[in-house]
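S.K.: The structure is given below, and queries will be raised subsequently.
What follows is calculated from the coordinates using simple rules that are stated; it is not laboratory data. Quick caveat: nothing in here was measured; it's all calculated off a predicted structure. All Cβ positions, glycine included, derive from the backbone under ideal geometry; neighbour counts span all protein chains shown.
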Amino acid sequence: MEESKYNATVVGKILLTPDIMTLRVDTDEPRNEFKAGQYTVLGLYGNEGRSPNSTPESDPVDPKKLLQRPYSIASATSQLQQFEFYISQVKSGQMTPRLFNLDPGDRIFVSKRIVGVFTLAETPENQDIVMIATGTGMAPYISFLRSYLMARPESKMAVIQGAAKQWDLGYYSELSFLGDTFNNLFYIPTLTEADKTWTGHKLWIEEMLEKNILKDVAGIEVDPGKTHFFLCGNPKMVENVSEWLMERGYSKHTRREPGALHIEEFWS
């Protein structure tokens, strides 16, 4: 094998469920300044072991190949040498079963480039922000909040997180704490397969928007002149919510055509 390209060390791993985890890594050298919502590339060689909870990979890889995949950064922008990632295991996949087999002290590749346009950089500071996520699509929003929440007191921010069961709500404790602590943040989780202990919303995200829960809970209007929406997660959710918003005057944000609807493309 060629000389290893590994340039970072795993320093923390928390399994939230057998197939969802947060992974923290320390890079050998600090990275350049980045914006909350951007992503970087993680890499592991094909000869690395797979997690016991995985299945045989559907497309076996060359043991000498450095597998590389993009992952949104969940840590604050002030952290330039320790990075946190929120990852879901695809049991038959190539990359995530190897990531799930890592332990603190193991080595990994982390790209020196941090890129992406799914950021708050072009959102006016006096406008409200709605962050909608399912699954590990929550990662960029955690970076948003850890980086910008205190700096944008004039903006109302709402996080709508959809999941099937309670244990699928990653960062639930942190988001609940932030929602209780900051007057401008509203955390609105919703479950589609909740048990009897759940007292929160039990609706699909599209139903929540249709029922005006966003305005009732957070006082945020669905108005492209006042509120920017960010979508990240299940492609079907992104498609359905995008269509719902476009019917109400929203247009997708691009570098050439600014809009109030922001979609994280690589999640789909």
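S.K.: Starting from the coordinates of the alpha-carbon atoms of segment 128-267, obtain the Kirkwood hydrodynamic radius over all distinct pairs and give the value in Å to one decimal. Don't jump to the answer; show the numbers that get you there.
M.R.: On the way: mean 1/r = 0.0658 Å⁻¹.
In segment 128-267 this quantity evaluates to 15.2 Å.
S.K.: Sorted by packing (mean other beta-carbon atoms within 10 Å per residue), highest first, where do 20-27, 147-154 land?
M.R.: Values: 20-27: 19.9, 147-154: 14.9.
Ranking the peptides 20-27, 147-154 by packing returns 20-27, 147-154.
S.K.: Roughly how large, in nm² to one decimal, is the mean projection of the convex hull of the alpha-carbon atoms in segment 35-97?
M.R.: Numbers: hull surface 18.9 nm².
Approximately 4.7 nm², given one-decimal rounding.
S.K.: Once you have the alpha carbon radius of gyration of the chain, what is it after dividing by 2.2 N^0.38 Å, with N set to its residue count? Walk me through the intermediate numbers first.
M.R.: On the way: Rg = 18.9 Å, N = 268, 2.2 N^0.38 = 18.4 Å.
For the chain, the normalised Cα radius of gyration comes out at 1.02.
S.K.: Given a cut-off of under 8 Å on Cα pairs at least six residues apart, what relative contact order in percent is computed for the chain? Please list the in-between numbers first.
M.R.: Numbers: 548 pairs, mean separation 46.3, N = 268.
Answer for the chain is 17 percent.
S.K.: Also: Charges on Cβ only, +1 for Lys and Arg, -1 for Asp and Glu, centred on the Cα centroid of the chain; of S242, H253, G46, which one is farthest towards the dipole's positive end?
M.R.: So the residue we want is G46.
S.K.: Working from Cα positions, state the angle (0 to 90°, nearest 10) between the long axis of helix 235-246 and the longest principal axis of the chain.
M.R.: Around 30 degrees separate the two axes.
S.K.: Using just the helices of the chain, give the 222 nm mean residue ellipticity in deg cm²/dmol: DSSP H runs with n ≥ 4 each add -39,500 (n - 2.57), and the total is spread over all residues, rounded to 500. Don't skip to the answer; put the middle values down first.
M.R.: On the way: 6 runs with 49 residues, N = 268.
Rounded to the nearest 500, it is -5000 deg cm²/dmol.
S.K.: Where in segment 9-51 is the amide nitrogen less than 16 Å from a point lying 7 Å along the Cα-to-Cβ axis of D103?
M.R.: 10-15, 48-51
S.K.: Considering Cα pairs under 8 angstrom that are at least six residues apart, work out the relative contact order of segment 128-267 and quote it in whole percent.
M.R.: Relative contact order, segment 128-267: 26 percent.
S.K.: Now a separate question. How many angstrom lie between the Cα centre of segment 209-225 and the Cα centre of segment 59-123?
M.R.: So the two Cα centres are separated by 34 Å.
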